[in-house]
1. If each of GLN44 and SER7 carries a label point 7 Å out from its Cα toward its Cβ, how far apart are those two points in nm?
2. Using amide H atoms built 1.01 Å from N in the peptide plane, name the residues 5+ places from ALA60, or on other chains, whose amide H lies under 5 Å from its own.
3. May I ask you to derive the relative contact order of the chain, considering only C-alpha pairs under 8 Å and at least 6 residues apart, and to give it as an integer percent?
4. Using a 1.4 Å probe on the protein chains only, how many percent of the accessible area of the chain belongs to carbon and sulfur?
5. Which order do SER68, SER21, SER121 take by accessible area at a 1.4 Å probe, largest first?
6. Nearest 20 debye, what's the magnitude of the dipole of the chain about its Cα centre given +1 on Lys and Arg Cβ and -1 on Asp and Glu Cβ?
7. Per residue, how much accessible area does the chain show when a 1.4 Å probe rolls over the protein heavy atoms, in square angstrom?
8. What figure in square angstrom, to the nearest 10, would you give for the accessible area of TRP111 with a 1.4 Å probe?
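The values are calculated or read from the model by the stated rules, or taken from the named source; none is laboratory data. In this text the structure is predicted, and so the values were computed from the model without any measurement. Every residue, glycine among them, receives a Cβ derived from its backbone with ideal geometry; neighbour counts consider all protein chains shown. Keep in mind that these areas ignore ligands, DNA and RNA; they rest on the heavy atoms of the full protein, side chains included. Shrake-Rupley method; radii C 1.70, N 1.55, O 1.52, S 1.80 Å.
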Amino acid sequence: QVQVMESGGGLVQAGESLTLSCVVSGSRFTIHGAGWYRQPPGKQPELVAWISRNGTTDYAASVKGRFSISRDNAKNTVLLQMNSLNAEDTADYYCTIGAFIGTDYYPSSRWGQGTQVTVSS
């Protein structure tokens with residue numbers, strides 16, 4: 001059974017940076033793409049960044065230029081580097097594994113428990 005475990009969230013001030021980590025277990029990580037979702041309080045979830053098994057990346061317009069997704073296959077880990085954080089980035093962040101087909105991402109795993117990011121202004 002595939003499991004994902006997010007970590008790295010916390011409380012930061014606007015303009016600061018934070019890196020989230022997602023460790024994947026129970027599956028051959030290298031054959032999967034991966035994606036990060038976030039859900040602000042009281043709002044719908046949003047796919048913010050995704051990466052193919054080969055390292056191709058794409059981002060939601062709301063985070064493009066500020067966030068960077070990467071993967072470390074040796075550690076079965078997906079990272080999300082978040083820079084220039086603002087209050088609108090406050091949310092619970094979740095990672096998944098899935099398929100990156102063309103420019104679209106299709107998750108195939110359930111979210112983990114998530115990690116909370118709070119940005120104060």
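1. 3.4
2. Result for ALA60 returns ALA49.
3. Across the chain, relative contact order equals 35 percent.
4. 46
5. SER121, SER68, SER21
6. Values: 9 positive and 9 negative charges, 63 e Å.
With Lys and Arg at +1 and Asp and Glu at -1, about 300 debye.
7. Per residue, the chain has an accessible area of 54 Å².
8. TRP111 has an accessible surface of roughly 90 Å² with all protein chains in place.
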